[in-house]
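Input: a single structure, listed below in structure tokens.
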Amino acid sequence: QVQLVESGGGLVQPGGSLRISCEVSGITFRFYAMAWYRQAPGKQRELVAGITMSGITNYTDSVKDRFTISRDNALNTMYLQMNSLKPEDTAVYYCHIPGISWGQGTQVTASS
């Protein structure tokens, strides 16, 4: 059974930083591309960032230059480093392996 478990969400001041993690089990992690999505209340789930098996990354324009997606294949874990957080970044962030599975999400709130 494939499992994706997010962690590291929480409350942070606007302008602050947070790193969220996604630990994966049940698959050979290094053979899959991965992505972070987010969903705010009343809005559609949107792609935030993606990373290929070889480490090539892409970002939605609204987070480019502020967020960094990475992966540690030895730890079966994907990360999203979020800097200069804005209130509009507030959402549930979901780990995703395309065509395979979703995590349950972790709440990120940027508020004063």
Failed item in (1) out of contact with any Leu (no Cβ under 9 Å at 6 or more places or on another chain); (2) open to solvent by 70 Å² or more (accessible area, probe 1.4 Å); (3) within 15 Å of residue 72 (Cα to Cα); (4) of a type outside the set (Gly, Ala, Ser), with residue 23 passing the rest: (1)
Candidate set: region 1-19, residues that are buried (at least 17 other Cβ atoms within 10 Å of the Cβ) and closer than 13 Å to residue 96 by Cβ; chosen: the one farthest from the chain's Cα centre (by Cα): 4
Any hit, region 96-108, residues being touching a residue at least 60 places away in the same chain (Cβ under 8 Å), under 15 Å from residue 43 (Cβ atoms) and surrounded by 14 or more Cβ atoms within 10 Å (Cβ to Cβ): yes
Selected residue [out of contact with any strand residue (DSSP E or B) (no Cβ under 8 Å at 6 or more places or on another chain), loosely packed, with under 15 Cβ neighbours inside 10 Å and either in contact (Cβ under 8 Å) with a residue 60 or more places away in the chain or not charged (D, E, K, R) (or both)] from 70, 84: 84
Subset of region 81-104 (residues that are part of a strand (DSSP E or B) and farther than 14 Å from residue 20 by Cα): 97, 101, 102
Test: residue in region 21-39 that is in contact (Cβ under 8 Å) with a residue 40 or more places away in the chain, in contact with a helix residue (DSSP H, G or I) (Cβ under 7 Å, 6 or more places away or on another chain) and not hydroxyl-bearing (Ser, Thr, Tyr): yes
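Let's see how each residue does on (1) in a strand (DSSP E or B); (2) within 17 Å of residue 107 (Cα to Cα):
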position	(1), (2)
16	no, yes
21	yes, yes
27	no, no
43	no, yes
48	yes, yes
61	no, no
68	yes, no
79	yes, yes
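The values are calculated or read from the model by the stated rules, or taken from the named source; none is laboratory data. Computed from a predicted structure; not experimentally measured. All Cβ positions, even for glycine, are placed from backbone atoms using ideal geometry, and neighbour counts span all protein chains on display. Heads up: the accessible areas ignore ligands, DNA and RNA and are worked out on the full protein's heavy atoms, side chains in. Shrake-Rupley method; radii C 1.70, N 1.55, O 1.52, S 1.80 Å.
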